[in-house]
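Note sheet for the following structure.
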Amino acid sequence: MTQPQIAFLGTGLMGGPMAANLLKAGFSVTAWNRTAAKAQALGPLGARAAASPGAAAADADIVITMVSDGPAAADLLFSQGVADTMKRGAVLVDMSSIKPAEARDHAERLRARGLDHLDAPVSGGTRGAEAASLAIMAGGDADVFERLLPVLSAMGRPVRVGPHGAGQLSKLTNQAIVAATIGIVAEAMLFAGKGGADPAAIRAALKGGFADSIVLQQHGERMTTGNFAPGAASRTQLKDIENVLSEAQSLGLALPLVEHMRSRYARFIDELDGAGKDHSGIYLELLDLNGMA
Ligand code: NA7
């Protein structure tokens, strides 16, 4: 596909830098965001701002959505005019993290209107979004994925993981691992620090070993320096955990570690004002649990 017109809907913490990278790669982008200032901020990079999601989608070959959750994505697509105004043969790429069942439903409803769909959620946080190094997990038809590769590659590293919904399943797998890893990294940082070691030195020592991870290095540092400004908000982490458990229930599976992290994040959000704090903020909940808040 040469010089496709792209509409980018949802330019929040993640969508903003992702749209910026499309512009930097030379793509033509029309941006829309519910809070208009966030889309207008892309103007200096060459984005056109649209007055409504439908207006943004009308001329687009590719419509990218990056909003909070499944209901927000469905609202944009089917209540705010996006599916109605998209050109026949255009592709909707939903990069939001939503339930696999919702992604399959959206794909089906779009197909009935002659529109293609990819679910392509991401991992890597705002740092990965800014560096165009996101893990992009795509579900949908192989030929649609191939056509979209140049666009997706401007935001990160796309891999097709299966049919519609598989991208979301992959993202939920990722989020289950992230949630449980953040939980144990918090315990390790607290344990090491309280025991008299330097947690930063321990992170350096563990580099390259079996316990190493981006969560250990990045979120471990956030915990010991007390930086909980959201790269990924705890409310978003809890949404993903709820989606993992809802999918697991429909598969007849018990996932005890994920269940445990659900109750921890719910307590952090409901009792400790954690909703807008970074998901590494579960460290604060652990401090509270230990009477050290
Ligand atoms: P943010 O920064 O909270 O962004 C959420 C975006 O979704 C933001 O642009 C919101 O607009 C938008 N939003 C939320 N609800 C709606 C509705 N109903 N209609 C239109 N737009 C809406 O979160 P992230 O960027 O970290 O996350 C985005 C996705 O990536 C999410 O699925 C994560 O799990 C992963 P606003 O600016 O609030 O007006």
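The values are calculated or read from the model by the stated rules, or taken from the named source; none is laboratory data. This is a predicted model, so every value here is computed, not measured. Here the Cβ positions follow ideal geometry from the backbone for every residue, glycine too, while neighbour counts run over all protein chains shown. SASA here: full protein model, heavy atoms, side chains in, ligands and nucleic acids out. Shrake-Rupley method; radii C 1.70, N 1.55, O 1.52, S 1.80 Å.
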Among Pro121, Pro256, Pro150: highest mean-square fluctuation, GNM of the chain, C-alpha pairs under 10 Å: Pro256
Two-decimal ratio, the range 1-129, of alpha-carbon radius of gyration to 2.2 N^0.38 Å: 0.95
Cα centroid separation - the range 220-293 against the range 135-176, whole Å: 25
Candidate residues Arg147, Arg104, Arg127: accessible-area rank, largest first, probe 1.4 Å: Arg127, Arg104, Arg147
Accessible-area order (highest first, 1.4 angstrom probe) of the listed residues Lys99, Lys194, Lys171, Lys207: Lys194, Lys207, Lys99, Lys171
Heavy-atom accessible surface of the range 169-289: percent carbon and sulfur, 1.4 Å: 61
Solvent-accessible surface (1.4 angstrom probe) belonging to Leu77, in square angstrom, nearest 10: 0
Rg/Rg_ref, the range 169-289, where Rg_ref = 2.2 N^0.38 Å and atoms are Cα: 1.05
Average Cα contact separation per residue, the chain, under 8 Å, 6 or more apart, as relative contact order %: 13
Heavy-atom surface of the chain, accessible at 1.4 Å and reported per residue (Å²): 44
Mean separation of Cα contacts under 8 Å (6+ apart) over length of the range 5-163, as relative contact order %: 19
Kirkwood-based Rg to Rh ratio, the range 77-162, C-alpha trace: 0.97
Table column - 3J(HN,Hα) (Hz), the range 239-251, Karplus curve with 6.51, -1.76, 1.60, x for Gly and Pro: 4, 5, 4, 4, 5, 4, 5, 5, 5, 4, 4, 5, 8
Estimated dipole of the range 185-293 in Debye, rounded to 20 [Cβ of Lys and Arg +1, of Asp and Glu -1, Cα centre]: 180
13 Å Cα-Cα reach of Lys99 towards aspartates and glutamates, excluding residues that sit fewer than 8 places from it in its own chain: Asp69, Asp119, Asp240, Glu242, Glu247
Spatially proximal aspartates and glutamates relative to Lys24 (Cα-Cα < 19 Å; intrachain offsets below 8 disregarded): Asp61, Glu130
Mean projected area (nm²) of the alpha-carbon convex hull when the range 119-241 is viewed from all directions: 8.3
The range 5-163, accessible surface, carbon-and-sulfur percent (1.4 angstrom probe): 51
Proportion of all alpha-carbon pairs of the chain beyond 31 Å (%): 30
GNM flexibility winner over the chain from Ala58, Ala211, Ala37 (Cα, springs under 10 Å): Ala211
Most fluctuating residue given options Gly128, Gly167, Gly26, as computed from a GNM of the chain linking Cα atoms under 10 Å: Gly26
Computed magnitude of the charge dipole of the chain (debye, nearest 20; Cβ of K, R +1, Cβ of D, E -1): 500
Signed unit charges on C-beta, dipole axis of the chain, positive-most listed residue Ile177, Ile282, Gln217: Gln217
Residue order for Thr181, Thr224 - accessible surface, 1.4 angstrom probe, largest first: Thr224, Thr181
